[in-house]
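So the structure is just underneath, and the comments pick up after that.
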Amino acid sequence: MNQTVAGPPAVEAHGLVKRYKHVEAVRGIDLTVYRGETFGFLGPNGAGKSTTIKILCTLVDATAGTARVAGFDVASERDAVRRNIGLVYQEPTLDGYLTAEQNLRFHGELYGVDRATAADRRHEVLEMVGLWERRGDLVNEFSGGMRRRLEIARGLLHSPRVLFLDEPTIGLDPQTRVSIWRYIAELRAREDITVFVTTHYMDEAEHCDRIAIMNEGLIVALDTPEALKAAIGKDRVQITTADDTAAIAALESAFGLKAALLEGQVTFAVAGGAAFVPHLFEKLGVPIHSVTVTRPSLDDVFLAHTGTTIRDVESKGQFSPMAARYRGR
Amino acid sequence: MTETRIANVRVLKPSLAHEARAALVVWEREMIRFSRDRTRVFAQMVQPLLFLFVLGGGLGSLVSHGTGGLDFRTFLFPGVLSMSVLFTASFSGISMVWDREFGFLREMLVAPVSTASIVLGKCLGGATVATIQSIVVLVLAGLVGVPYDLLMMAQVLLLLFLMAFMITALGLLLSARVKQVQSAMPLVQLIITPLMFLSGALFPLSNLPPWLTVVTHLNPMTYAVEPVRHVVFERLQMSDAARATLDPGIWWGSFAVPVWLQIVVVLVASAGLLTAAVGFFSRTE
Ligand SMILES: Nc1ncnc2c1ncn2[C@@H]1O[C@H](COP(=O)(O)OP(=O)(O)OP(=O)(O)O)[C@@H](O)[C@H]1O
Ligand SMILES: [Mg+2]
């Protein structure tokens, strides 16, 4: 992370609010993203992530608040902001009837990329996402992953200072997801660029220098992944027992812990999980077959702050005992 | 992945040259897409040819006494050219609805260039495509008794380009307001059919019922069709009486509107439509 690099922060937002007719999508957020960092933006569906990105990219006007991106005001210096950002939308925006290279050429001309270097630059970004060999093919013939990679290449074509990626890996297979994160890591090594990325995948959030968790239009947590996990304080304990129902009841009565049956295991959270295990054997009164103690993951962080797990987010808000348990905190 | 040298590209400062590049590349995209779409070239060719040879041939004997000996198809020729332009250009304009649907409109509108450059490029592209398409009809001139006169051809193409520009601008204006792809084509039909029938493309503007006279004279398409007919008919041999019936020109009361003024009307209408389209596009997200 390059927090010491001179110059304005990559993103600086104060009191951003966006009100649509029926919903308040963003309800007052403050945010600073330093130059050179990879900043992760997490949150359940409808949290307001895309809306925030659209405000920062000058696509929608904020109802209230101010924001500067790459040192320029999003409201009054729109074109300057646009020249300095790269943007990969959640939804595809390629022309399927043009070839990969034609899509890039189109972009370069629209962004006024210097003609002398434009061809080199196209080669470079296509090479980077592994599509140079396919440059002459129509985008319609590309797979979803290839399109995504092409969009990322296009977002980089005009050497933006800040790259916004709205769910760049959604719907991609694990290998492609890994390779996209490799590009992002490589990018930071090669170019003076800040990456602002939203994702629903917790393992991906681990790649970020800092992450913000957004819920219902507000930022509810913002720190490095390590600090966020440490702040949770509790470990996750999973046990299998001879009688799960009895075990859950016993956990409640003997320790005051709320447990739930998740994937066939009695699951609960407790501070100092490893040290707790001996007490468990001593006082539970139900035969225990196995115990697993895990340090908090970003999944737990997400759960603690939004009252829902990412898996619930994917399956659209089913009731979750884990979520219910954390919601009370 | 290879460790290539980082080409140091920074985007240029805003300038007129940059705006021109943007408009040009939008134009170029229309050309590329047109050249890839053989089906479209063919489909948009059929209808004008049907009008020229089937309608023209079929009605020919019926109306022969009214044309002063002129082949009805010869009379129809400028109108059918206009029709070809009308179909192709309106389609080019409305295609922006698909660009929105597939997200590409966003890629264009979020670039650091003015919306005007994008819309202008698109409009010039649509106009060029429609003009090229009309050549298919133009080369058939000899079959319907219109001489192959190079100067005439050049003038006709130039006038058709202006007409196409106006119609594409109209299509763009519609696509700025219509968000649903399903309603786009029916709406185009709804608009271009009256534009065509009320323009004098298919019948002379002489001896019309009064209400029709008024409507045709309010239709900007009339001012785009009439110069084409004028240029073609100049090269034809016909009696003065036939010319007066078949190509009476446009009259505002007792004022014969000269061709240059007709062209000015087309230019003004184009500018108005395009400005409105730019206004709507820059307001949508
Ligand atoms: N153009 C719009 N008009 C009205 N409401 C909108 C509009 N765009 C977004 N919203 C609303 O704003 C809220 C936040 O949406 P947003 O797209 O920012 O969520 P998100 O965090 O990106 O979600 P996801 O993870 O599903 O992409 C939602 O309730 C959504 O319905
Ligand atoms: Mg989103």
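The values are calculated or read from the model by the stated rules, or taken from the named source; none is laboratory data. Remember, it's a predicted structure, so these values are computed and weren't measured experimentally. Methodologically, a virtual Cβ is constructed for each residue, glycine included, from the backbone with ideal geometry; neighbour enumeration extends over all protein chains shown.
Filtered by the rule that a residue be in contact with a helix residue (DSSP H, G or I) (Cβ under 7 Å, 6 or more places away or on another chain) and more than 12 Å from ligand 1 (Cβ to nearest atom), region A:37-58 gives A:38, A:40, A:58. Residues satisfying the criterion are present in region A:18-32 (criterion: more than 24 Å from the chain's Cα centre (by Cα) and within 16 Å of ligand 1 (Cβ to nearest atom)).
This table checks each residue for (1) in contact with a strand residue (DSSP E or B) (Cβ under 6 Å, 6 or more places away or on another chain); (2) among the polar types (S, T, N, Q); (3) farther than 30 Å from residue B:95 by Cβ; (4) more than 16 Å from ligand 2 (Cβ to nearest atom).
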| position | (1), (2), (3), (4) |
| --- | --- |
| A:9 | yes, no, yes, yes |
| A:42 | yes, no, yes, no |
| A:49 | yes, no, yes, no |
| A:57 | yes, no, no, no |
| A:63 | yes, yes, yes, yes |
| A:74 | yes, no, yes, yes |
| A:78 | no, no, no, yes |
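Of all residues in region A:105-139, those satisfying the criterion of being more than 7 Å from chain B (Cβ to nearest Cβ) and either farther than 16 Å from residue A:152 by Cβ or among the charged types (D, E, K, R) (or both) are A:105, A:115, A:116, A:118, A:119, A:122, A:133, A:134, A:135, A:136, A:137, A:138. Anything in region B:23-76 that is among the basic types (Lys, Arg) and more than 14 Å from chain A (Cβ to nearest Cβ)? List them, or say none. Selection gives B:73 alone.
For region A:177-214, the set of residues classified as within 14 Å of chain B (Cβ to nearest Cβ) and of a type in the set (S, T, N, Q) consists of A:179 only. Can you report the number of residues in region A:88-147 which are under 17 Å from residue A:171 (Cβ atoms), buried (at least 19 other Cβ atoms within 10 Å of the Cβ) and among the polar types (S, T, N, Q)? Result for region A:88-147: 1.
Out of region A:242-284, which residues are out of contact with any Phe, Trp or Tyr (no Cβ under 7 Å at 6 or more places or on another chain), of a type in the set (Gly, Ala, Ser) and surrounded by 13 or more Cβ atoms within 10 Å (Cβ to Cβ)?
A:246, A:247, A:249, A:250, A:254, A:260, A:269, A:273
Among the residues here, residue A:47 qualifies as buried (at least 23 other Cβ atoms within 10 Å of the Cβ), away from chain B (no Cβ under 14 Å), more than 20 Å from residue B:283 (Cα to Cα) and not aromatic (Phe, Trp, Tyr). Within region A:207-221, residues that are within 13 Å of residue A:196 (Cβ to Cβ) have Cβ atoms under 9 Å from residues that are charged (D, E, K, R) and within 16 Å of ligand 2 (Cβ to nearest atom) in these pairs: A:214/A:49, counting only partners at least 6 apart in sequence or on another chain. When region B:217-242 is filtered for residues that are outside any helix (DSSP H, G or I), of a type outside the set (Ser, Thr, Tyr) and touching a residue at least 40 places away in the same chain (Cβ under 8 Å), the ones remaining, listed by number, are B:234, B:235, B:236, B:238.
Put simply, of B:129, B:119, B:139, B:146 the only residue that is closer than 25 Å to residue B:43 by Cβ, modelled with pLDDT of 95 or more and of a type in the set (Val, Ile, Thr) is B:129. Tallying residues that are within 23 Å of residue B:152 (Cα to Cα) and either hydroxyl-bearing (Ser, Thr, Tyr) or surrounded by 14 or more Cβ atoms within 10 Å (Cβ to Cβ) (or both) within region B:204-234 yields 16. Among residues of region A:82-94 that are closer than 14 Å to residue A:153 by Cβ, those with a beta-carbon under 6 Å from a residue that is among the aliphatic types (A, V, I, L, M) at least six positions away or on a different chain give the pairs A:86/A:156; A:86/A:163; A:88/A:152; A:88/A:165; A:94/A:139. Candidates are the residues of region A:59-78 that are in a loop (DSSP other than H, G, I, E, B) and away from ligand 1 (no atom under 15 Å from the Cβ); the one that is surrounded by the most Cβ atoms within 10 Å (Cβ to Cβ) is A:74.
Filtered by the rule that a residue be surrounded by fewer than 18 Cβ atoms within 10 Å (Cβ to Cβ), free of Cβ contacts under 8 Å to residues at least 40 places away in the same chain and within 28 Å of residue B:148 (Cα to Cα), region B:250-285 gives B:257, B:258, B:259, B:260, B:261, B:264. For region B:148-161, a tally of residues being assigned to a loop (DSSP other than H, G, I, E, B) and surrounded by fewer than 12 Cβ atoms within 10 Å (Cβ to Cβ) returns 1.
Hey, residue B:155 hits all of (1) touching a residue at least 24 places away in the same chain (Cβ under 8 Å); (2) over 16 Å from the mean Cα position of the chain (by Cα) but one; which does it fall short on? The number of the failed condition is (2).
Each row is one residue, and each column tells you yes or no for (1) among the hydroxyl-bearing types (Ser, Thr, Tyr); (2) surrounded by fewer than 24 Cβ atoms within 10 Å (Cβ to Cβ); (3) under 20 Å from the mean Cα position of the chain (by Cα).
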| site | (1), (2), (3) |
| --- | --- |
| B:73 | no, yes, no |
| B:80 | no, no, yes |
| B:85 | no, no, yes |
| B:92 | yes, no, yes |
| B:97 | no, no, yes |
| B:101 | no, yes, no |
| B:107 | no, yes, no |
| B:112 | no, yes, no |
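When region A:212-269 is limited to residues that are outside any helix (DSSP H, G or I) and hydroxyl-bearing (Ser, Thr, Tyr), the one that is nearest to ligand 1 (Cβ to nearest atom) turns out to be A:224.
Which residue pairs have Cβ atoms under 7 Å apart, sit 6 or more places apart or on different chains, and have a first residue in region A:13-27 that is within 14 Å of chain B (Cβ to nearest Cβ) and within 14 Å of residue A:43 (Cβ to Cβ) and a second that is in a loop (DSSP other than H, G, I, E, B) and within 16 Å of ligand 2 (Cβ to nearest atom)? From region A:13-27, the pairs are A:25/A:48; A:25/A:217. Take the residues in region B:169-216 that are free of Cβ contacts under 8 Å to residues at least 12 places away in the same chain and assigned to a loop (DSSP other than H, G, I, E, B), then tell me which one is farthest from residue B:229 (Cα to Cα). The qualifying residue farthest from residue B:229 (Cα to Cα) is B:209. Residues that are facing another protein chain (nearest Cβ under 9 Å) and either small (Gly, Ala, Ser) or closer than 17 Å to residue B:15 by Cα (or both) within region A:73-104 comprise A:78, A:79, A:80, A:81, A:82, A:83, A:84, A:96, listed in sequence order.
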